[in-house]
Amino acid sequence: MTEHAPTGDAPIGRGLRGRCPRCGEGRLFQGFLTLRPRCEHCGLDYGFADAGDGPAVFVILIGGFIVVFAALIVEFVYQPPYWVHVALWLPLILILTLGPLRPMKGLLISLQYHHKAQEGRLERRSDS
């Protein structure tokens, strides 16, 4: 069997680095945000992984707060023309949203595996 990564690496470090949540060696992604079918190192099937819109929501909220706060400060202190706002904030929005998106998706998938999270299911109770 394969040797597992040190426990200090799991699960946050594995997720942020885009590594397999079980072994920490195999790559999680085959494209920018596309998951591989399974780990090439330990064979873990990534079929359980469903981060949904969670990564995008976190990134948009955090990045949006930073950009809006900075834009308001610049507007009130310097009152620059609108083209300066476009030149400043458009690249920052792209950096703050696209940069952390992949690590955040890896983190959420790794935490999902670590905590054995599953889709909620309703169970009927028998009243007998």
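A search for C-beta distances below 7 Å between a residue of segment 101-118 that is β-branched (Val, Ile, Thr) and any residue that is part of a helix (DSSP H, G or I), counting only pairs 6+ apart in sequence or on different chains, returns Ile109/Gly15. Looking at the structure I just gave you, is Phe32 out of contact with any helix residue (DSSP H, G or I) (no Cβ under 6 Å at 6 or more places or on another chain) and in contact (Cβ under 8 Å) with a residue 24 or more places away in the chain? Taking the combined requirement at face value, the residue satisfies it. Within the option set Gln79, Gln112, being at positive phi and not acidic (Asp, Glu) holds for one residue only, Gln79. Among the residues of segment 55-62, is any closer than 30 Å to His85 by Cα and more than 14 Å from the chain's Cα centre (by Cα)? Taking every residue of segment 55-62 in turn, none turns out to be closer than 30 Å to His85 by Cα and more than 14 Å from the chain's Cα centre (by Cα). Filtering segment 86-95 for residues that are closer than 28 Å to Gly18 by Cβ and in contact with a strand residue (DSSP E or B) (Cβ under 8 Å, 6 or more places away or on another chain) leaves an empty set.
Readers should treat all values here as calculations from the given coordinates under stated rules, not as data from a laboratory. In this text, all values refer to a predicted model and were calculated from it rather than measured experimentally. Don't worry about glycine lacking a Cβ; one is built from the backbone with ideal geometry, like all the others, and counts go over all protein chains shown.
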